[in-house]
1. Could you identify the single residue in Val85, Val99 that is buried (at least 19 other Cβ atoms within 10 Å of the Cβ), at pLDDT 95 or above and either in contact with a Ser or Thr (Cβ under 9 Å, 6 or more places away or on another chain) or not in a strand (DSSP E or B) (or both)?
2. Against the definition (farther than 23 Å from Asp70 by Cβ and not basic (Lys, Arg)), how does Thr144 come out, yes or no?
3. When the range 110-150 is examined, which residues are found to be modelled with pLDDT under 80 and surrounded by 15 or more Cβ atoms within 10 Å (Cβ to Cβ)?
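The values are calculated or read from the model by the stated rules, or taken from the named source; none is laboratory data. Just so it is clear, the structure is predicted and the values come from calculations on it, not from any experiment. No Cβ is skipped: glycine too gets one built from the backbone with ideal geometry, and neighbour counts run over all protein chains shown.
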Amino acid sequence: MTILVTSLFPTSQTLDGVALGAYASQYRSGSTASMGAELTAAIGAHKAQAVDVKLSQEVLSAATTLTKYDTGRTFYLDSATEFAVTLPAPELGLQLSFVVKTAPAGADYTVVSSGGANIIKGSVTGADLNAATDGDIETAGGDTVSFVSAKAVSGDRVDMTCDGSSWYVRGHCSVFDAITISTAA
């Protein structure tokens, strides 16, 4: 079901360089089945104009490279063998969320910056913090967020937002050090 949340644009408008033209009436009615793939992807990227609630959620079970069109989506990490997710190139306003569905057992789930750039900053808090342990805080910039094997559990999550040059992390985990921000060696 498509939910339209703002008044829709005139037929002369473009969306990420794609002319809407004759597609505007289909977009207004919520019927995107006959639209071209490029236009459908561009529309999906603009939550302020149209949101398909089911499409904003995805279960990942293998290595994936995300694009700017994935902004606003929540990804559930679900695999027995774990994997890496590569972030899109930084762009102002991008937002992504990652939630552990199946706890990693053999290796870490990782979320890595595009090209290995040290542009991931932020903090992770845990439910079991005490005076002897602190949450992970990265202010200089790392390139990897890890959901640590044998520590991360179902429901641990990271929300990421981008200012156009860096990715900012806000994470929460059930066990200390189950989510880390680091720089690859």
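1. Numbers: Val99 fails: buried (at least 19 other Cβ atoms within 10 Å of the Cβ).
Within the list Val85, Val99, the selection yields Val85.
2. No.
3. We begin by selecting, within the range 110-150, every residue modelled with pLDDT under 80; these are 127-141.
Selection gives Gly135, Asp136, Glu138, Gly141.
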